[in-house]
There are 2 protein chains.
Amino acid sequence: MNKDNFKHTPWNEPFITQRADPYVLRHNNKWYFTASVPEYDRIALRRADSLEGLRAAEETFIWHAHESGVMSQHIWAPELHYLDGAWYIYFAASRKDDIWALRPWVLRCEGDDPLKGPWTECGMLKCTDDDEFSFTDFSLDKTVFEHHDRRFCVWAEKVSVGRKISNLYIAEMSDPLTLKTPQMLLSSPCYEWERHGFWDNEGPAFIAHDNRVYLTYSASDTSPAYCMGLLWADANADLMDISSWHKLNHPVYTTDVERGLFGPGHNTFFTDETGEVYTSYHARQYDEIIGDPLYDPNRHCYIMRVSFEDNLLIFNKD
Amino acid sequence: MNKDNFKHTPWNEPFITQRADPYVLRHNNKWYFTASVPEYDRIALRRADSLEGLRAAEETFIWHAHESGVMSQHIWAPELHYLDGAWYIYFAASRKDDIWALRPWVLRCEGDDPLKGPWTECGMLKCTDDDEFSFTDFSLDKTVFEHHDRRFCVWAEKVSVGRKISNLYIAEMSDPLTLKTPQMLLSSPCYEWERHGFWDNEGPAFIAHDNRVYLTYSASDTSPAYCMGLLWADANADLMDISSWHKLNHPVYTTDVERGLFGPGHNTFFTDETGEVYTSYHARQYDEIIGDPLYDPNRHCYIMRVSFEDNLLIFNKD
């Protein structure tokens, strides 16, 4: 494959600065980019004719946080999807009067051009009537994917009284606004590398390749300990059966002090013009943060090549 | 093996009536029995020189619930263990002024004869300083076992806000009163047969055989839907690594209407005089319960033979 087509900077230099939770969608040979902005107050979207083009593409702010009430605070981790003939943006948001009440919200655009809109608010993602648990507590980082003619979503949600644990859940979807099944617990932080600062699994990203499907996720707090883990299943397995899923007991991507890359995580998968697989993720260039890391603006978007060897997903530092 | 040594009644007739969460310990060729009594207000213990002898053995009440405060209500699922040269009883209890605040409590007897005592209250089971999650919510059905020179406990605890989910957790122990590691989530109810009435996993029981270890548990609410599931791991695997554990996607023991056995669950494993493996569990003889099933006294103790075939644990209805 022609690796030169995407003129990416060295893997350890930012592709786009001050954009966390970076998300890239390739659709009809255009590349779209969205992410959390440091102010957490609006949704940015850009488009280009190539992956490389995203770097300098003009950013359009297609939606702004409400002044108060729902969707007024912490606008986090938007994802753009084209589903059933319309554009959807999934994002997490809380309220100015309850800043940790993160819930999954949905925007829809029925026009051809998602940068022009118009974007309509479709409310919160809906769970099934017999699911009394989903979206009842701190919930974010929802992703959507299709596999073997079924549509799934995976998200992070906290449980427990007092201090809380952020787990990953999966459900099948009946339409872009609605879950079809109750939640199933997919992963809970159980290794030390998932429990630094917070016991946390979040930022899921799905990719299918050959005879396996892979789900990467991020673990621990937003510090240099932030890292990425991996779940996998056979491509023909029922993804709504927990016995189909396997969890690696070690992280697959971590801080690299020598190369100046701290706390990598919250990735997504896509291809470049040649069909080669890449992932975007965010990281910092330093580890000494003054104040709450959440409000440090310098989580930058990086891009890295991905390959598959011996039935495992490999992040390529080249 | 001589199956006639234990003169058990037909497998579908009660061994001891009105004793739920039945627990049998074989120690120094004596058999001990304890269970939840229908009044949930005291701990019963009996001993015999044979498994069969437990049926008619006199019952001693070695401890009574407090009048108020901690350990005053819902005295549930006691287990007797002989650890490090002393007798221990683990049980769950709540308070009259907060009847669902179930927590794991420990009694110790340093004398030779646990029926005589004296029994000392050792307080709540202690978790590690960095474990802010264990025993903070509705928690019960703690069991203790040793495997390859390590001591573990597994218990059920609820999570979530509003309606709650009962999961199974495992931790290693440093002494009979103290956990050595933070909790690890072992199983969460994810199949329909684990979600009837309540999303519930509870009543864990451990047994090692040949090259595998097995952990049975009970699922769903205390109705005819109550049933038993199975986790297993390789005998040489690290039991504190979630990737070592495998969960069957079907129950291994369920209601048998024709044989008049409803809602079987909360089992434990032990051997008879010949070394043959048995399990005790409770079930009802009818499915029409008036009022709250929890306060229906007729969960009886049954005993059933267990075998191991094709690396799986089999319950034998013979």
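The values are calculated or read from the model by the stated rules, or taken from the named source; none is laboratory data. This is a predicted model, so every value here is computed, not measured. Cβ: placed from backbone, ideal geometry, glycine included. Neighbour counts: every protein chain shown. Remember, those area values only see protein heavy atoms, side chains included, never the ligands or the DNA or RNA. Shrake-Rupley method; radii C 1.70, N 1.55, O 1.52, S 1.80 Å.
Kindly identify chain A as rounded, prolate or oblate by the Cα gyration tensor criterion: order the square roots of the eigenvalues as a ≥ b ≥ c, call it rounded if a/c is under 1.5, otherwise compare a/b with b/c, prolate if a/b is larger, else oblate.
Working: a/c = 1.13, a/b = 1.08, b/c = 1.05.
Rounded shape, in that the Cα axes give a/c under 1.5.
Residues in the range A:301-318 carry Karplus couplings, in order, of 8, 10, 10, 9, 7, 10, 9, 10, 9, 6, 6, 9, 7, 10, 8, 9, 8, 8 Hz; the curve used is 6.51 cos²θ - 1.76 cosθ + 1.60 with θ = phi - 60°, and Gly or Pro positions show x. B:D49 label point (Cα plus 7 Å toward Cβ) to equivalent points in the other copies: 9.6 nm, shortest first. Taking the charge dipole of the range A:3-315 about its Cα centre, with +1 at Lys and Arg Cβ atoms and -1 at Asp and Glu Cβ atoms, the residue from A:F138, A:V161, A:L312 reaching farthest to the positive side is A:F138.
Would you mind giving the total buried accessible surface between chains B and A, with a 1.4 Å probe and ligands, DNA and RNA left out, rounded to the nearest 100 Å²? It comes to approximately 2200 Å² buried between B and A.
Here's the list of lysines a cross-link from A:K317 could span, going by alpha-carbon distance under 19 Å and ignoring same-chain residues fewer than 8 apart: A:K3, A:K7.
Considering only chain B, the C-beta nearest to the rotation axis that sends B to A is found at B:V159, 2, the distance in whole Å.
Annotation for A:H64, label-to-label distances across the other copies: 7.2 nm (shortest first, one decimal, point 7 Å from Cα along Cα→Cβ). Counting Cβ atoms of other protein chains within 10 Å of each Cβ in B:158-166 and taking the mean gives 5. Measuring nothing but alpha carbons in the range A:265-318 and taking Rh as the Kirkwood radius, the Rg to Rh ratio lands at 1.10. Each peptide in A:215-221, B:191-197 was scored by the mean count of other Cβ atoms within 10 Å over its residues; highest first, the order is A:215-221, B:191-197.
Legend: mean number of C-beta atoms from other chains within 10 angstrom of residue C-beta atoms, peptide A:182-188, equals 5.
When the chymotrypsin sites (Phe, Trp or Tyr not before Pro) in the range A:246-318 are filtered for DSSP coil states and for at most 15 other beta-carbon atoms within 10 Å of their beta-carbon, the remaining sites are A:Y286.
Backbone amide hydrogens, once placed in the peptide plane, bring B:T255 within less than 5 Å of B:G263, excluding anything fewer than 5 places away on its chain. For the range B:155-214, the square roots of the Cα gyration tensor eigenvalues, ordered a ≥ b ≥ c, give a/c of at least 1.5 with a/b no greater than b/c, which places it in the oblate category. Copy-to-copy label distances for A:S243, where each label lies 7 Å from Cα along Cα-to-Cβ, are 2.1 nm in order of increasing length. Geometric descriptor of the range A:186-318, per residue, is 117 Å³ (volume of the convex hull of the Cα atoms).
Solvent exposure of the range A:3-315 amounts to 38 Å² per residue of accessible area, where only protein heavy atoms count and the probe is 1.4 Å. Under a 5 Å amide H cut-off, with hydrogens placed 1.01 Å from N, B:S174 pairs with B:L179, B:K180 among residues at least 5 apart or on other chains.
Evaluating 6.51 cos²θ - 1.76 cosθ + 1.60 at θ = phi - 60° for every residue in the range B:195-206, the Karplus couplings come out as 10, 6, x, 10, 7, 9, 10, 7, x, x, 9, 10 Hz, glycine and proline recorded as x. Charging the Cβ of each Asp and Glu at -1 and of each Lys and Arg at +1, and nothing else, the dipole of chain A about its Cα centre rounds to 320 debye.
For the residue pairs A:K126/A:K158; A:K96/A:K164; A:K142/B:K158; B:K96/B:K116; A:K142/A:K180, alpha carbon separations beyond 19 Å are given by A:K96/A:K164; A:K142/B:K158; B:K96/B:K116.
Sorting the segments B:78-88, A:177-187 by their residues' average number of neighbouring beta-carbon atoms within 10 angstrom, most packed first, yields A:177-187, B:78-88.
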